[in-house]
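Undergrad: What follows is a structure written as structure tokens; I'll ask about it next.
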Amino acid sequence: MTVQKQTNSQKTALSEAKQALLKKRLKGQGRDSAKPAPIPRQTYSGPMPLSFAQERLWFLEQFQPDSTAYNLMSTYRLTGELNAPALEQSLNEVVDRHEILRTTFSTVRGEPVQVIAPSLRIPLPVISLCDVPAPEREAEAKRVISQHKHWQFDLAQGPLLRVTLLQMGQADYIFCLV
């Protein structure tokens, strides 16, 4: 069954009231189409204490500074055309909206505190593995991913987020988020 036929059969399964509401919403009616107001940024006076999870991370970094045990990595296979600059811009929009992604840790009078940067730009380096022979490409990608996972973060300097895009082929990518 084609997508169009499936969609039409789903529409006809709706009650008349729900079909009317669907038509309104598809035309941009039925909801306030005005863009919602952005959430205002918080203003802070003085240092902010760490959360319990942040405190644990800070303590472990003090106790064992060379550890990468808390580095969490996710990888995503992306296939098809990819606009890397748009991906980088989107990532930075997310960073701009979420303070925790701009947060580092500092010490004030011997106590750890959060430092929230007003803005932060995360670069998206693109590593092309297209020139690596096809049989060796996956192994090289695993090596690069492993290397990225084990790079240390500086909790005082930041950023505490690292991304990399591996280009495996013409329309084949691996997006790494640590």
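Undergrad: When you look at Gly110, is it small (Gly, Ala, Ser), under 16 Å from Glu61 (Cβ atoms) and either surrounded by fewer than 12 Cβ atoms within 10 Å (Cβ to Cβ) or in contact (Cβ under 8 Å) with a residue 12 or more places away in the chain (or both), yes or no?
TA: Values: small (Gly, Ala, Ser): yes; under 16 Å from Glu61 (Cβ atoms): yes; either surrounded by fewer than 12 Cβ atoms within 10 Å (Cβ to Cβ) or in contact (Cβ under 8 Å) with a residue 12 or more places away in the chain (or both): yes.
Yes; evaluated as a whole, the condition is true for this residue.
Here's the yes/no breakdown for (1) modelled with pLDDT of 90 or more; (2) not hydroxyl-bearing (Ser, Thr, Tyr):
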| residue | (1), (2) |
| --- | --- |
| Ser15 | no, no |
| Lys24 | no, yes |
| Lys35 | no, yes |
| Thr43 | no, no |
| Pro49 | yes, yes |
| Leu72 | yes, yes |
| Tyr76 | yes, no |
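Undergrad: Taking helices (runs of 4 or more DSSP H) that do not extend beyond the stretch 35-149, which have at least 3 residues that are among the basic types (Lys, Arg)? Steps first, please.
TA: Details: elements: 52-63, 84-97, 134-149.
Correct list: 134-149.
Undergrad: Among (1) touching a residue at least 60 places away in the same chain (Cβ under 8 Å); (2) open to solvent by 60 Å² or more (accessible area, probe 1.4 Å), which single condition is Ile145 missing?
TA: With (1) touching a residue at least 60 places away in the same chain (Cβ under 8 Å); (2) open to solvent by 60 Å² or more (accessible area, probe 1.4 Å) applied to Ile145, the lone miss is (2).
The values are calculated or read from the model by the stated rules, or taken from the named source; none is laboratory data. Keep in mind that this is a model prediction, so the values were computed, not measured. As a convention, Cβ positions derive from the backbone with ideal geometry for all residues, glycine included, and neighbour counts pool all protein chains shown. Please note that ligands, DNA and RNA were not included when accessible areas were found on the heavy atoms of the full protein model with its side chains. Shrake-Rupley method; radii C 1.70, N 1.55, O 1.52, S 1.80 Å.
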